[in-house]
Amino acid sequence: MAKTGTTTQGLRAAIERSGYYPALVAEAVEAAVGGEPIASYLVHQETTFDANEVRRHVTVLVLTANRFIVSHTDEQNADTSSPTPYATTSTESVKLGRISSVVLSRVVANPESYTPGTLPREVVLTIGWGAVSRIDLEPAACGDPNCEADHGYTGNSTADDLSLRVSEAGDGPETVRQALAFAQALSEATAATR
């Protein structure tokens, strides 16, 4: 479930509608936002199945005039470190000028008959600001199949701080629209800070 909008009351209502520890999530997000006016937000709940357990996760993205705030909340079952179930909530505040990329990938059905304005089947929003990078390495080689020399490694580094997938089938068409709206607001805000 994802919701987007532009007010503090709307953000609180979207968090409450997600039904996922709303008091905990709202307190963490509101503390991170402080008194800044909200330009846009997106609340996305995801349920995953891990062996015999169901795990829930909520991501809240908030855009203000100066910052991008991301909050993650996960629930954990009782384990050796805690005899009772618990939740972890984290928030990160990023200055808009630090955001290096906003990537929006769209998946559309029947691209040969695509009509502008048609809703994608799914979207993946990937945002990079340099906090997390993924490095993929592999042994380098030359064109000689008989060469046994060590040519070192080759690879690439990818900024991959946040990736959020929203699909029409899993989340509904309104959620896809909301993700598109948030991505556009964030893209415009980062372009304005350059």
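Results, tabulated for the structure shown:
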read-out: Net lengthening on full extension, Thr7/Ile135 (0.36 nm per residue, minus Cα-Cα); value: 42.3 nm
read-out: Folded to 0 to 90 degrees: helix 173-192 orientation relative to the chain principal axis, Cα; value: 70 degrees
read-out: Region 75-145 - Rg over Rh from alpha carbon coordinates, Kirkwood radius; value: 1.19
read-out: Packing-based order for 105-112, 85-92, 47-54, using average beta carbon neighbours within 10 Å, highest first; value: 85-92, 105-112, 47-54
read-out: Of all accessible heavy-atom area on region 11-138, the percent that carbon and sulfur account for (1.4 Å); value: 52 percent
read-out: Using a Förster distance of 30 Å, the FRET efficiency for Ala65-Glu16 (Cβ separation, nearest 0.05); value: 0.75
read-out: Exposure ranking of His151, His44, His57 by accessible area [1.4 Å probe, largest first]; value: His151, His57, His44
read-out: Accessible surface ranking that places the most exposed of Asp144, Asp74, Asp150 first, with a 1.4 angstrom probe; value: Asp150, Asp144, Asp74
read-out: Distance in nm between pseudo-label sites at Leu24 and Ala192 (7 Å out along the Cβ direction from Cα); value: 3.5 nm
read-out: Förster radius 30 Å - calculated FRET efficiency between Ser101 and Thr48 (Cβ-Cβ, nearest 0.05); value: 0.70
read-out: The chain: Rg to Rh, with Rh as the Kirkwood radius over Cα pairs; value: 1.06
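The values are calculated or read from the model by the stated rules, or taken from the named source; none is laboratory data. Nothing here was measured: the structure is a model prediction, and the numbers come from that model. So basically every Cβ, Gly included, is an ideal-geometry build from the backbone, and we count neighbours across all protein chains shown. Heads up: the accessible areas ignore ligands, DNA and RNA and are worked out on the full protein's heavy atoms, side chains in. Shrake-Rupley method; radii C 1.70, N 1.55, O 1.52, S 1.80 Å.
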